[in-house]
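The values are calculated or read from the model by the stated rules, or taken from the named source; none is laboratory data. Predicted model only: the values in this text are computed from it and were never measured. Don't worry about glycine lacking a Cβ; one is built from the backbone with ideal geometry, like all the others, and counts go over all protein chains shown. Ligands, DNA and RNA are excluded from the accessible area calculation, which covers all protein heavy atoms including side chains. Shrake-Rupley method; radii C 1.70, N 1.55, O 1.52, S 1.80 Å.
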Amino acid sequence: MISRTTRRLTVSLFALVAGAYTFSALAAPTYYTDRATFEAAAGAGLSFESFESQFGVGATLIFTDFSVSESGGTNALAPASGFAPFAITDGAQALAYDDNGASIGTFFGFVTPVEAFGLDLSTSEGSTVTIGGDVGDSVVLTAQTPAFWGVIDPDGISSISFDASGGPNVGFDAVSYGEADGAVSTNATFFVSKTFTNGDTSDVEVMLTCNGGLPLQQSFTISGGGPGVTFTVTNLPSTGIDCEVTETGGADGYTADLSACAWASVGSGAYSCPIENIPEPTALLIVTDFEGAEDPNIPDTFTTVLECTNVSPDTGSTFGTATESFVNIADASVNWYAKPGATSECTVELMPDASAVQSDTCSFSFTLGDATTGCTVVGTVFFEGIPTLSQYGMAIMALLMLGVGFVGMRRLV
């Protein structure tokens with residue numbers, strides 16, 4: 001047997017069942033040196049392999065759900081009962097890695113990552129085993145004395161390698177692996193989308209604030225109707241954190257609905273924050289007044305007509321020309337919404353019912369964000385003649401005219 005300073009073996013797990021996982025490499029795995037503690041943390045349902053089925057020697061050995069591989073040697077993987085019986089901790093067999101020739105470990109990617117992996121690890125002589133791949137740990141082993149080592153990483157494990165110092169033979173037995181029911185990921189994502197009910201596409205700044213964890217980015221610029229952005233927070237404490245999304249900037253005249261953008265006791269997982277911006281209406285105030293002598297015989301009824309361009313009567317995205325009529329309402333009002341980026345032009349026309357009252361017009365304009373605007377129209381009485389006499393006045397006027405006629409006739413006779 002050729003003595004080597006370091007020897008490596010890579011354990012590769014290949015899925016033999018349907019399904020796939022998406023993981024992030026940002027979370028910190030948890031390591032265990034006690035099997036009972038590991039199994040309590042991982043929960044029920046882990047798969048188990050103790051290498052009891054018959055297998056030969058080789059550079060790559062494939063088991064039920066994973067493969068174990070090395071390269072550069074001469075069939076360095078073999079049953080432990082033949083040359084490393086110290087490795088057996090469960091049943092009558094174990095897997096051993098024999099140093100021969102120029103054997104050296106190599107990397108095989110997992111088809112489906114696992115969240116939990118634990119096994120009994122041993123060496124033929126005292127050694128420090130450095131455990132790498134998607135994890136990072138080390139174990140100091142006494143010669144021919146198996147010890148448990150395990151890891152739980154809810155963000156997924158794609159490979160594990162073992163480097164033993166001093167060149168000992170390495171034994172593996174009682175492998176537990178699979179999805180950890182009790183694992184808590186240390187990452188959380190927050191997807192933020194932005195819409196304006198009136199179709200606006202302007203930009204705003206969104207910010208994520210949390211009382212713990214490590215956000216990879218705290219603010220983004222986001223556009224109305226755009227694809228949205230994702231915040232990622234790593235290193236979540238086991239107690240969870242409180243997070244909130246806020247926005248700044250953007251056009252005036254909107255109220256942001258952020259009711260779905262605050263969370264308490266956030267753990268791992270994906271969260272969604274749909275922000276809806278609702279435009280604020282502009283109150284259009286139309287005042288109608290009359291000037292001139294007050295006469296009960298002149299009707300004071302009227303209709304006032306308001307017409308505006310580039311407006312919507314609601315918070316939607318359909319804009320055009322809108323018209324509203326007010327009958328006998330001296331102080332009329334309506335709430336309309338200006339088109340984003342445009343000016344709404346308005347005219348008001350007073351149409352009195354009495355012909356003795358002169359009509360009037362006024363005009364104004366407004367944009368999104370204006371709270372109140374409007375104008376005043378005035379009806380002016382311009383005729384006060386015979387039509388203002390009552391029926392008795394008309395009779396007296398007729399008698400007077402008749403009297404004037406008699407006087408004129410006498411003078412002609």
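Against the conditions (1) assigned to a helix (DSSP H, G or I); (2) modelled with pLDDT of 55 or more; (3) of a type outside the set (A, V, I, L, M, F, W, C); (4) surrounded by 11 or more Cβ atoms within 10 Å (Cβ to Cβ), residue 405 satisfies every one except (4).
Quick test for you: out of 175, 229, pick the one residue that is open to solvent by 10 Å² or more (accessible area, probe 1.4 Å) and hydrophobic (A, V, I, L, M, F, W, C).
The unique qualifying residue is 229.
Within the range 190-205, is there a residue that is surrounded by 18 or more Cβ atoms within 10 Å (Cβ to Cβ), within 21 Å of residue 155 (Cα to Cα) and touching a residue at least 40 places away in the same chain (Cβ under 8 Å)? So far as the range 190-205 goes, yes, one or more of its residues are surrounded by 18 or more Cβ atoms within 10 Å (Cβ to Cβ), within 21 Å of residue 155 (Cα to Cα) and touching a residue at least 40 places away in the same chain (Cβ under 8 Å). Each residue in the range 305-340 was checked for being open to solvent by 50 Å² or more (accessible area, probe 1.4 Å), in contact (Cβ under 8 Å) with a residue 24 or more places away in the chain, of a type in the set (S, T, N, Q) and in a loop (DSSP other than H, G, I, E, B), and 2 of them qualify. Looking for something of a type in the set (A, V, I, L, M) and touching a Leu at 6+ places or on another chain (Cβ under 7 Å) - is there at least one such residue anywhere in the range 191-204? No. How many residues does the range 326-352 contain that are of a type in the set (Asp, Glu) and farther than 24 Å from residue 289 by Cβ? Final tally of qualifying residues: 0. In the range 162-173, the residues that are over 15 Å from residue 51 (Cβ atoms) and among the hydroxyl-bearing types (Ser, Thr, Tyr) reach residues that are surrounded by 23 or more Cβ atoms within 10 Å (Cβ to Cβ) and modelled with pLDDT of 80 or more with C-beta atoms within less than 6 angstrom, at least six apart or across chains, in these pairs: 165/127.
The rows are residues; the columns are (1) under 17 Å from residue 272 (Cα atoms); (2) of a type in the set (Gly, Ala, Ser); (3) assigned to a strand (DSSP E or B).
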| site | (1), (2), (3) |
| --- | --- |
| 190 | yes, no, yes |
| 200 | no, no, no |
| 207 | yes, no, yes |
| 222 | yes, no, yes |
| 232 | yes, no, yes |
| 238 | no, yes, no |
| 245 | yes, no, yes |
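Which residues, counting only those in the range 357-384, are free of Cβ contacts under 8 Å to residues at least 60 places away in the same chain and either open to solvent by 70 Å² or more (accessible area, probe 1.4 Å) or farther than 28 Å from residue 254 by Cα (or both)? 358, 359, 360, 361, 362, 363, 383 - these are the residues of the range 357-384 that are free of Cβ contacts under 8 Å to residues at least 60 places away in the same chain and either open to solvent by 70 Å² or more (accessible area, probe 1.4 Å) or farther than 28 Å from residue 254 by Cα (or both). Within the set 28, 92, the sole residue that is open to solvent by 30 Å² or more (accessible area, probe 1.4 Å) and at pLDDT 90 or above turns out to be 92.
Among the residues of the range 69-81, is any over 30 Å from residue 235 (Cα atoms), modelled with pLDDT of 80 or more and within 48 Å of the chain's Cα centre (by Cα)? Within the range 69-81, one or more residues are over 30 Å from residue 235 (Cα atoms), modelled with pLDDT of 80 or more and within 48 Å of the chain's Cα centre (by Cα).
Give the range 281-304 a look and list any residue that's among the acidic types (Asp, Glu), in a loop (DSSP other than H, G, I, E, B), out of contact with any helix residue (DSSP H, G or I) (no Cβ under 6 Å at 6 or more places or on another chain) and surrounded by fewer than 16 Cβ atoms within 10 Å (Cβ to Cβ), or say none.
Taking the range 281-304 and keeping what is among the acidic types (Asp, Glu), we get 289, 291, 294-295, 300.
Checking the rest, the ones that are also in a loop (DSSP other than H, G, I, E, B) come to 294-295, 300.
Now narrow it down to the ones that are out of contact with any helix residue (DSSP H, G or I) (no Cβ under 6 Å at 6 or more places or on another chain): 294, 300.
The one that is among the acidic types (Asp, Glu), in a loop (DSSP other than H, G, I, E, B), out of contact with any helix residue (DSSP H, G or I) (no Cβ under 6 Å at 6 or more places or on another chain) and surrounded by fewer than 16 Cβ atoms within 10 Å (Cβ to Cβ): 294.
Quick test for you: out of 14, 23, 55, pick the one residue that is farther than 25 Å from residue 128 by Cβ and at pLDDT 80 or above.
Numbers: 14 fails: at pLDDT 80 or above; 23 fails: at pLDDT 80 or above.
Checking each option against the conditions leaves just 55.
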